[in-house]
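Worksheet for the structure shown next.
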Amino acid sequence: MDVAEMLGLLGAGTLAGVVGTVVSLASMVSYPALLAFGLPPLTANVTNTVALTFHGVGAALGSRPELAGQGGRVLRLGVMTLIGGAVGSVLLLLTPSDTFEAIAPWLIAVASLLLIRPPRAEGGFGGEDGWAARAALFGVAVYIGYFGAAGGILMFAVLSAVLDQTPARVNAIKSVVSSMANGVATIGFALFGPVQWSAVVPLSLGFFLGGLLGPPIARRLPGRALRLGAATCGLLVAVKLGADAYA
């Protein structure tokens, strides 16, 4: 890649990092950018997943007020996302993505609609330690490791139902545990996947910067506005992916 392309990916990664932190749609910016720079779809997918790991690092540093005192919770939730991300990455390397492309619009649409409804104070899925919550987190992490488009919307929706937290705090946890799914998938992709490392470097730096810049923006948004913004973007993405999958 030449200098202009690297600067372009740096800018795309920064924008994607901010968008990913605020409305959980980082891949909807970065993945098309990689395709626009000439990467084949599978290469763009795995390259994007590897770079996304650094978004979580930046978001964690930028979200320190929201993550204060939640280290144990993040680790407990992260166990299921680590396992799910590993399973998803293996599936991606072994199977075609047609099935996920077909069901992704429905998953994203349902998750977006769940974000619109008022949150329940007691949390859903039987609480964060319930089997239903663990199963939901595992399923979303598999999706993130395999396909990933709008995976942050799905994770935000599940965590919003599970945790009795403000949207800003849920958003911070979402960024970290999602990056854990990406991180474990990165190991498999680095060893066996067609990663374009020359694109990973500028995109990762952009993701890191965007992850740092995004939390202060999300922190200033009213909780309902944050949820509705993510839900609206998610529904638009669901329509777009549905049109592509079923056209």
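Rundown of residues vs (1) aliphatic (A, V, I, L, M); (2) within 24 Å of Leu113 (Cβ to Cβ); (3) in contact with a strand residue (DSSP E or B) (Cβ under 9 Å, 6 or more places away or on another chain); (4) open to solvent by 10 Å² or more (accessible area, probe 1.4 Å), yes/no style:
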residue: Ala141; (1), (2), (3), (4): yes, yes, no, no
residue: Phe156; (1), (2), (3), (4): no, yes, no, no
residue: Ser160; (1), (2), (3), (4): no, yes, no, yes
residue: Arg169; (1), (2), (3), (4): no, yes, no, yes
residue: Ala181; (1), (2), (3), (4): yes, yes, no, no
residue: Val195; (1), (2), (3), (4): yes, no, no, yes
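Taken over segment 23-40, the criterion of being closer than 25 Å to Ala109 by Cα, touching a residue at least 12 places away in the same chain (Cβ under 8 Å) and open to solvent by 20 Å² or more (accessible area, probe 1.4 Å) is satisfied by Val23, Met28, Val29, Tyr31. Just one of the numbered conditions (1) over 25 Å from Ala161 (Cβ atoms); (2) open to solvent by less than 20 Å² (accessible area, probe 1.4 Å) is not true of Gly84: (1). Quick one: in segment 202-247, which of the residues that are open to solvent by 50 Å² or more (accessible area, probe 1.4 Å) and in contact with a Leu (Cβ under 7 Å, 6 or more places away or on another chain) is modelled with the lowest pLDDT? Taking the candidates together, the pick is Leu212. Taking every residue in segment 143-161 that is free of Cβ contacts under 8 Å to residues at least 12 places away in the same chain and pairing it with any residue that is open to solvent by 10 Å² or more (accessible area, probe 1.4 Å) and acidic (Asp, Glu), at least 6 positions away or on another chain, yields no pair with a Cβ-Cβ distance below 7 Å. Quick check on Ile103: is it in contact with a Cys (Cβ under 8 Å, 6 or more places away or on another chain), in a helix (DSSP H, G or I) and at pLDDT below 90? It is false that Ile103 is in contact with a Cys (Cβ under 8 Å, 6 or more places away or on another chain), in a helix (DSSP H, G or I) and at pLDDT below 90.
The values are calculated or read from the model by the stated rules, or taken from the named source; none is laboratory data. Keep in mind that what you see is a predicted model, and the values were worked out from it rather than measured. Heads up, the Cβs are rebuilt from the backbone with ideal geometry, glycines too, and the neighbour counts pull from every protein chain shown. The area values use the complete protein model at the heavy-atom level, side chains included, leaving out ligands, DNA and RNA. Shrake-Rupley method; radii C 1.70, N 1.55, O 1.52, S 1.80 Å.
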